[in-house]
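Notes follow once the structure below has been shown.
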Amino acid sequence: MSEMKGKICIVTGSNSGIGKETVLSLAKMDAHVVMVVRNQDRGEKAQFEIVRQTGNKSIDLMICDLSSMDSIRHFSQEFKKKDDRLDVLVNNAGAMFNKREVTPEGFERTFAVNYLGPFLLTHELLDLLKSSAPSRIINVSSGLAKNGNVDLDDLQSQKNYAGTKAYARVRAPVYANTKLMLMMFTYELARRLKGTGVTANVLMPGFVATNLGKNSGSLSSSLMFKMGRPMQVNAKKGAETSVYLASSDEVKDLTGECFSKKKTVETCPASYDQEIQERLWNETGRLLSLR
Ligand SMILES: NC(=O)c1ccc[n+]([C@@H]2O[C@H](COP(=O)([O-])OP(=O)(O)OC[C@H]3O[C@@H](n4cnc5c(N)ncnc54)[C@H](OP(=O)(O)O)[C@@H]3O)[C@@H](O)[C@H]2O)c1
């Protein structure tokens, strides 16, 4: 384990589930953690519990809605005003929706929260991560990425929206597509960051008992998660790989890898397609008007 005392870590989606357990473990290691949440009350409740359990008072709370690019840009500016370094960024927040919804900024919501948001947040914080090197970016994907497909002509599922209800029937549900995009983003990012001292890795936490799927808007998918309880691991176990990637010396120089149960794993062939990774990167930059 590397020395985490005083290290500055951001964990998104940290008021519940895997994110909350990730913060709890990092707090026990004396890290300075910024919990990034979209809801003040839920965030404060989790923050209070973590401070009480660990005695670490260096746990901050900041608000950011990852479905809103405006909110991400605002958050990043505010963070940079407060902190002049960043050692670990954990892009953990994620969600699934049964019905297609479009955000006020015009993005399909699953795509925005699971892929576009982490992509933009990482870009907004990249200079800081580089100037703080050695530093780490950790993206929380899913084993379901293997069922995904990246259709560059329909990134926002306008032609074809397969929500959570469609899981059993469809080869590429939107959630899986966005988790595959996050994986491909990580591989491309790691290549682009070679030599900077910033590592980028992705992980699959397993089937974990959390709130995921509860608010998807589909009774059958929340039932699926409920019925899956005996097969699920608890959130503490589900957070182990995130914590390992954030803190272990064993992985300090590893980049561009996917991890499951604290081990590198191979991902689906589509995830390694460098031409699609690059085209996805460029198209995402265009959607976000990034230079
Ligand atoms: N559980 C599993 O079996 C499993 C399997 C594979 C991958 N994952 C991934 O693991 C990550 C953590 O999920 P979890 O299982 O711990 O589920 P969870 O308990 O539902 O946690 C998800 C977190 O993301 C936050 N979030 C959702 N939408 C957001 C938004 N627009 N802006 C900011 N934060 C937002 C949630 O906040 P609210 O509480 O405010 O909604 C919550 O804190 C996700 O990326 C998920 O896709 C989970």
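The values are calculated or read from the model by the stated rules, or taken from the named source; none is laboratory data. Fair warning: this is a prediction, and the values are worked out from it, not measured in the lab. For neighbour counting, all protein chains shown are included, and Cβ atoms are generated from backbone atoms with ideal geometry for every residue, glycine included. Note: areas computed on protein heavy atoms with side chains; ligands, DNA, RNA excluded. Shrake-Rupley method; radii C 1.70, N 1.55, O 1.52, S 1.80 Å.
Restricting attention to region 17-152, lysine pairs at least eight places apart or on different chains and with alpha-carbon atoms under 24 angstrom apart total 17. Computed from label points 7 Å out along Cα-Cβ, the spacing between Val265 and Leu288 is 2.6 nm.
Give the calculated FRET efficiency between Lys146 and Lys237 to the nearest 0.05, with a Förster radius of 25 Å applied to their Cβ-Cβ distance. Intermediate results must be reported in sequence, preceding the final value.
Details: r = 21 Å, r/R0 = 0.85.
The pair Lys146/Lys237 has a calculated efficiency of 0.75.
Here Arg192 and Lys99 are evaluated by their C-beta separation; at R0 = 45 Å the FRET efficiency comes out at 0.80. Can you say what percent of the DSSP beta bridges in the chain, counting only those with both residues inside, are antiparallel? Round to 5. Among the beta bridges of the chain, antiparallel pairing accounts for roughly 15 percent.
When each of the peptides 16-27, 278-289 is scored by the mean number of other C-beta atoms lying within 10 Å of its residues, the order from highest to lowest reads 16-27, 278-289.
Simple spin-label estimate for Gln40 and Leu254 gives 4.1 nm between the two label positions (7 Å along the Cα-to-Cβ direction from each Cα). The per residue volume of the convex hull around the alpha-carbon atoms of the chain is 122 Å³. With protein chains left intact and a 1.4 Å probe, residues in the chain average 46 Å² of accessible area per residue.
What FRET efficiency comes out for the pair Asp70/Asn211, r = Cβ-Cβ distance, R0 = 25 Å, nearest 0.05? The partial results should precede the final answer.
Working: r = 25 Å, r/R0 = 1.00.
Given R0 = 25 Å and the Cβ-Cβ separation, E is 0.50.
Computed from label points 7 Å out along Cα-Cβ, the spacing between Lys82 and Ile63 is 1.3 nm. Just how far, in whole angstrom, is region 13-79 from region 101-119 if you go by their alpha carbon centroids? If we compute the Cα centre of each part, the gap is 21 Å. Here the accessible area of the chain is 48 percent carbon and sulfur, with a 1.4 angstrom probe and all protein chains present.
Let me check I've understood the local charge: for Ala112, count other residues with C-beta under 13 angstrom from its C-beta, Lys and Arg +1, Asp and Glu -1. What total comes out?
Working: positive: Arg38, Arg100, Arg109; negative: Asp65, Asp70, Glu101, Glu105, Glu108.
Residues close to Ala112 contribute a combined charge of -2.
Shown in residue order for region 96-101 are the 3J(HN,Hα) couplings computed by the Karplus curve 6.51 cos²θ - 1.76 cosθ + 1.60 at θ = phi - 60°: 10, 10, 6, 9, 5, 10 Hz (x for Gly and Pro). Taking a sphere under 12 Å around the Cβ of Ser71 and counting the other residues whose Cβ falls inside, with K and R at +1 and D and E at -1, yields a net charge of -3.
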